[in-house]
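Student: This is the structure, below, for whatever I ask next.
Read-outs: derived from the displayed coordinates by stated rules, not from any lab. No experiment lies behind these values; they were computed from the predicted model shown. Reconstructed Cβ throughout: ideal geometry from the backbone, glycine too, with neighbour counts over all protein chains shown.
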Amino acid sequence: MKINKVVLIRHGQSEWNELNKFTGWHDAELSEKGKNEAKSAAVLLKKEKFFFDYAYTSVLKRAIHTLQYILDELNQNWLSVRKSWHLNERHYGALEGLNKDEVIQKYGQKKVMLWRRSFNISPPLIDREDKRFPGNDIRYSHLNINDIPLGESLEITVKRVIPYWNKVIYSQLKNNKKILIVAHGNSLRALIQYLYKINNEKILELNIPTATPIVLDFNQDNNPTKWYYLK
């Protein structure tokens, strides 16, 4: 029986992950550890003889650079890569750039966990005058200003990730193309929830480690069957 596979990878550790900051749409660089994590992920894929037809990533450099390290190791630098803001990390609103421990001290553990781990509760929003507002960034200049988030819950993230999967990526899977997606903890969490019908409470328990390949199996009808970490 034919099994199609899609590989998901969260980017390697970023400099802001290392500093314990809320990162979201901020364009943080990979840390040295993150670069090494990306290379290690590629070695795992190479060992299992993975080869891809298409790659998808966000417009944030920690994901883009992770993908570049992987394709370099696989000797697939020539691969067609499509980048989209739909695969960006969840936007953490006014929390972006703040140290997580300091935010807990200010607002309390209970409130911060609601912002971080509730399905439909957004963090405090930024306003459009804030220098962190993505509308100030040229990479989002093609978007309607009302489509650019001021902060997102996982529920809002799902609403941009899943249409992109259905309209863009899934069509290639149906054409039997081998697909690699390098993105972010919350955008990948949104996709796994959708494909495997995980409820809103259970999905919040899923912690996606940096640069660890996740293999999704699809049957001959292109329906998802199981998923697992490649180790």
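Student: Report, for the chain, the % of DSSP beta bridges that are antiparallel, rounded to 5.
Tutor: 50 percent
Student: Turning to a different aspect of this structure: Taking H placed 1.01 Å from N in the peptide plane, check which residues at least 5 places from residue 212 or on another chain put their amide H under 5 Å from its amide H.
Tutor: The list, which skips near neighbours in sequence, is 10.
Student: Another one. With contacts defined as alpha carbon pairs under 8 Å and 6 or more residues apart, what's the relative contact order of region 82-203 in percent?
Tutor: This gives 33 percent for region 82-203.
Student: In addition: Here are a few candidate values for volume of the Cα convex hull per residue in Å³: (i) 108; (ii) 266; (iii) 122. Which one was actually calculated from the structure I just gave you?
Tutor: Label (iii) holds the value from this structure.
Student: What's the FRET efficiency of residue 46 with residue 199 using the Cβ-Cβ distance as r and R₀ = 30 Å, to the nearest 0.05?
Tutor: 0.25
Student: If you don't mind, another one. Simple spin-label model, 7 Å along Cα-to-Cβ: residue 171 to residue 99 in nm?
Tutor: 4.8 nm
Student: Using the Cα gyration tensor of region 92-163, with a ≥ b ≥ c the square roots of its eigenvalues, what is the shape: rounded (a/c below 1.5), prolate (a/b larger than b/c) or oblate (neither)?
Tutor: It is oblate, given that a/c is not under 1.5 and a/b is not larger than b/c.
Student: Which lysines does residue 106 reach when only Cα atoms under 26 Å apart count, and residues fewer than 8 places away in its own chain are ignored?
Tutor: 21, 131
Student: How much mean residue ellipticity at 222 nm does the chain get from its helices, if each DSSP H run of length 4 or more adds -39500 (n - 2.57) and you divide by all residues, to the nearest 500 deg cm²/dmol?
Tutor: Mean residue ellipticity, 222 nm, calculated: -10000 deg cm²/dmol.
Student: Shifting gears a bit: Near the amide H of residue 88, under 5 Å away, which other amide H atoms are found, from residues 5 or more places off or on another chain, if H is placed in the peptide plane?
Tutor: So residue 88 has HN proximity to 59.
Student: Using θ = phi - 60° and the Karplus relation 6.51 cos²θ - 1.76 cosθ + 1.60, list the HN-Hα couplings for region 203-220 in order, rounded to whole Hz, with x at every Gly or Pro.
Tutor: So the J values, rounded to whole Hz, are 5, 5, 7, 7, 9, 9, x, 5, 6, 10, x, 10, 9, 9, 9, 10, 7, 5.
Student: Also, quick follow-up: Counting only GluC sites (Glu not before Pro) that sit in a DSSP loop (anything but H, G, I, E, B) with at most 14 other Cβ atoms within 10 Å, what is the longest stretch of the chain containing none of them?
Tutor: 49-128
Student: So, one more: In terms of Cα to Cα distance under 16 Å, which lysines are near enough to residue 39, apart from those fewer than 8 places away along the same chain?
Tutor: 47, 49, 61, 231
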